[in-house]
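Accompanying notes for the structure given below.
The values are calculated or read from the model by the stated rules, or taken from the named source; none is laboratory data. Small disclaimer: the values here were computed from a predicted structure and weren't measured. As a convention, Cβ positions derive from the backbone with ideal geometry for all residues, glycine included, and neighbour counts pool all protein chains shown. Ligands, DNA and RNA are stripped out before the accessible areas are found, and what is left, the full protein with its side chains, is counted by its heavy atoms. Shrake-Rupley method; radii C 1.70, N 1.55, O 1.52, S 1.80 Å.
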Amino acid sequence: MDDSELIRMKDKLDRDLDPSCYPDPRLSIGENQIEIINSEASGLSLDFGVRQYNDLVKWGARVTDCEIRLHHPKKSGFYCSTLERCRLIAMQPQVDPNWVNVHWLDCQLEGVFSSCSFGRISKNRCFQAPLTRMERCDFSKARLDACPFLNINPEGLIWPELPHLIVHEPWRHAAEILAIHRDQPLQNFLQSLTLADDSLSALALSLEWIRGRGWLSESDIERFIATCRELDFVTLNF
């Protein structure tokens, strides 16, 4: 790599880390799209994912004291933004929604969230420091179906009231997880829990999701649960 290429890469990195590269502030709640970009919104009641175009909260946006009803999970996006004291209600299951590097502060989430990643997803083009936070959020009325919590401290979160298992740092305890049972198909399921790297702070698994996948027999599930009760890195609420 020559000097010119190094200079070009440094210039690009400087641009990516420069908050002035955010677009101009925009707050638009229209018939075809909601855009909250590099601006603040407060006290609103909104439906996301029901318009012609994707509804967006991104690039330094700060949304406080709002109720957001989530519809089609792929027709809304939250990027590099802050949600504070907001209530988010999944009107339909939110499967792998477009959430990247969001600060969640004192929020309440309700409904079904599946394969939904909370925390730092990407290091790119976010000018927040730290890149993400999740503090004092309430999931008591939510169902979390294999939802990872990434690069955050899960202490202070209120976990769901429905039967759930919360596996803390499974990558750190891979040997203990894999030793629960060696036979298939339970071993395949256990392997899937240990694949993540050290960015995974916790993995939330609803009992309903585990049963509904059809991977495991009831005896396998009972064996898994019984062993988890003896593991200090797994939290069960049933």
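Worth a mention:
- Gyration tensor (Cα) of region 39-96, equivalent ellipsoid semi-axes in angstrom: 17, 13, 10
- Cβ-based net charge around Trp171, under 10 Å, with every Lys or Arg adding one and every Asp or Glu removing one: -2
- Relative contact order of the chain, pairs being alpha-carbon contacts under 8 Å that are 6 or more residues apart, as %: 12
- Rounded D (µm²/s) - the chain, Kirkwood Rh over Cα pairs, Stokes-Einstein at 37 °C, 0.692 mPa s: 170
- Semi-axis lengths, largest first, of the ellipsoid equivalent to region 192-237 are 19, 14, 10 Å, with √(5λ) applied to each eigenvalue of the Cα gyration tensor.
- Average Cα contact separation per residue, region 130-238, under 8 Å, 6 or more apart, as relative contact order %: 35
- Value of Rg/Rh across region 156-219 [Cα atoms, Kirkwood radius]: 0.97
- Net length available on complete extension from Leu44 to Asp106 is 20.7 nm, with 0.36 nm assigned per residue and the Cα-Cα distance removed.
- Ranking Tyr22, Tyr53, Tyr79 by solvent-accessible area of protein heavy atoms (1.4 Å probe, all protein chains present), from largest to smallest, gives Tyr53, Tyr79, Tyr22.
- Around the Cα centre of the chain, unit charges on the Cβ atoms of Lys, Arg, Asp and Glu (plus for the first two, minus for the last two) sum to a dipole of about 360 debye.
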